[in-house]
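I have placed the structure first, in the form of structure tokens, so that the comments after it can refer back to it.
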Amino acid sequence: MAHILAFERPVVELITRVRELRELAHEDDRFGSELKRLEDKAAKLAREVFAKLSPMQKVQLSRHPNRPYTLDYIDRLFEDFVELHGDRRFAEDGALIAGIGKYHGRSVVVVGHQKGRTSKEQTKRNFGMPNPEGYRKAIRMYELAERFNLPIFTFVDTMGAYPGLGAEERGQSEAIGAAIETMSRMTVPIVTAVIGEGGSGGALALGVANRVLVLEFSYYSVITPEGCAAILWKSAERAPDAAARLRITAPHLLEFGVADTIVEEPPGGAHQDHDDAAKRLDRVLYSTLTELSSLSREALREDRYQRFRKLGAFVA
């Protein structure tokens, strides 16, 4: 693994040994018992190390370049996926993936942010920061889902919408607002999974769902810790303080009702095992969709309305 965070190094080294032993176990059954012992040891060490992580360290994990992105989950969870392009107004936006596929035999709409790993991919995907045309493409998909009564899955993973001059000229805030409004009036099941970063309105444009799932080491916030620190203390170096005070990690999100379920990640984080991460997410996605499918179309809209009405508190 090319990118290893300092605090995860002991876990990564043990997981690497597990992978090597697993290869041997495939060829010789005699390694089976040793493999099980090493897997248990790696899982225990990961739980001990990661239980002590600070909020900023969890933010670092959410941004890990080897973490599975939307397309990684699409490849593992959806069959016959067909990507659709363009907003029919301006251009295609590579930072946002949208299309139709089958999930456990059922046709669904999938929308998600997509980052890049190589320099070429990062340029194509604009580091996962959509322009207005990306959000207008998402709106196209939401309306398509409504027309054909298809459930919607969204995958959130962005530091925020692109703040460039061109994006502002083409109506970035209006596009985000329109996406939020469109999601709010849908009468089909909507399930959102925060799989990495969930930054600001750029994330919320995909997050007005009946149920919001958050992976164990993801975060969801009105602003990045660095952005918050730059505003409050005029220094991005105070980002760890901002991360702690913003309460943006999975346990706090669940406590405040911003998230409905925390999806446990594989030992060492989702970036250590994409297949296992997808399986864990699949179990929760499927049970959540099954639950929502029992509601009528109007009940789904009312359910979503009530969910967001309950967020926050007023103290006189």
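The values are calculated or read from the model by the stated rules, or taken from the named source; none is laboratory data. Everything numeric here is computed off the predicted structure, so don't read it as measured data. Heads up, the Cβs are rebuilt from the backbone with ideal geometry, glycines too, and the neighbour counts pull from every protein chain shown.
A few comments on the model shown:
- Set side by side, the residues LEU289, LEU285 differ, and just one is of a type outside the set (Lys, Arg), under 30 Å from ARG117 (Cα atoms) and not in a loop (DSSP other than H, G, I, E, B), which is LEU285.
- When residues of segment 266-278 are limited to those that are closer than 24 Å to LYS102 by Cα and within 15 Å of the chain's Cα centre (by Cα), the one surrounded by the fewest Cβ atoms within 10 Å (Cβ to Cβ): HIS274
- Condition check for LEU206: buried (at least 24 other Cβ atoms within 10 Å of the Cβ), assigned by TED's automatic domain parsing to the domain that holds ALA98, closer than 26 Å to ARG280 by Cα and touching a His at 6+ places or on another chain (Cβ under 9 Å): yes
One line per residue, one yes/no per condition, for (1) among the polar types (S, T, N, Q); (2) in the same structural domain as GLY101 (by TED's automatic domain parsing); (3) part of a loop (DSSP other than H, G, I, E, B); (4) at pLDDT 75 or above:
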{"position": "MET1", "(1), (2), (3), (4)": "no, no, yes, no"}
{"position": "VAL12", "(1), (2), (3), (4)": "no, no, no, yes"}
{"position": "ILE15", "(1), (2), (3), (4)": "no, no, no, yes"}
{"position": "VAL18", "(1), (2), (3), (4)": "no, no, no, no"}
{"position": "PHE31", "(1), (2), (3), (4)": "no, no, no, no"}
{"position": "LEU35", "(1), (2), (3), (4)": "no, no, no, no"}
{"position": "LYS41", "(1), (2), (3), (4)": "no, no, no, yes"}
{"position": "ALA46", "(1), (2), (3), (4)": "no, no, no, yes"}
{"position": "ARG67", "(1), (2), (3), (4)": "no, yes, yes, yes"}
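- Residue list for segment 119-143, filter: touching a residue at least 60 places away in the same chain (Cβ under 8 Å), of a type in the set (A, V, I, L, M, F, W, C) and not in a loop (DSSP other than H, G, I, E, B): ALA138
- A single entry from GLY101, GLY112 fulfils the requirement of being without any contact (Cβ under 8 Å) to a residue 40 or more places away in the chain, in contact with a helix residue (DSSP H, G or I) (Cβ under 9 Å, 6 or more places away or on another chain) and surrounded by 15 or more Cβ atoms within 10 Å (Cβ to Cβ): GLY101.
- Hey, VAL82 within 30 Å of ARG297 (Cβ to Cβ), part of a strand (DSSP E or B) and touching a Ser or Thr at 6+ places or on another chain (Cβ under 8 Å) or not: no
- Test: residue in segment 233-243 that is within 28 Å of LEU77 (Cβ to Cβ), surrounded by 14 or more Cβ atoms within 10 Å (Cβ to Cβ) and out of contact with any strand residue (DSSP E or B) (no Cβ under 6 Å at 6 or more places or on another chain): no
- None of GLY116, GLY207 is in a loop (DSSP other than H, G, I, E, B) and at pLDDT below 95 except GLY116.
- The set of residues from segment 187-232 being among the small types (Gly, Ala, Ser) and farther than 18 Å from TYR73 by Cα comprises GLY199, SER200, GLY201, GLY202, ALA205, ALA209, SER221, GLY227, ALA229, ALA230.
- Residue pairs meeting the criteria (Cβ under 9 Å; at least 6 apart or on separate chains; first of a type in the set (Ser, Thr, Tyr), in segment 37-63; second assigned to a loop (DSSP other than H, G, I, E, B) and modelled with pLDDT of 90 or more): SER62/PHE217; SER62/SER218
- Exclusive hit being in a loop (DSSP other than H, G, I, E, B), at pLDDT 95 or above and either surrounded by fewer than 23 Cβ atoms within 10 Å (Cβ to Cβ) or in contact with a Ser or Thr (Cβ under 7 Å, 6 or more places away or on another chain) (or both), set LEU71, LEU53, LEU150: LEU150
- Qualifying positions in segment 94-104 - under 18 Å from the mean Cα position of the chain (by Cα) and assigned to a loop (DSSP other than H, G, I, E, B): GLY94, ALA95
- Filter result for ALA193 (part of a strand (DSSP E or B), small (Gly, Ala, Ser) and assigned by TED's automatic domain parsing to the domain that holds LEU254): yes
- Any hit, segment 157-178, residues being in a strand (DSSP E or B), in the same structural domain as SER287 (by TED's automatic domain parsing) and in contact with a helix residue (DSSP H, G or I) (Cβ under 9 Å, 6 or more places away or on another chain): yes
- Residues of segment 75-103 that are under 15 Å from GLY128 (Cβ atoms) and among the β-branched types (Val, Ile, Thr): ILE97 alone.
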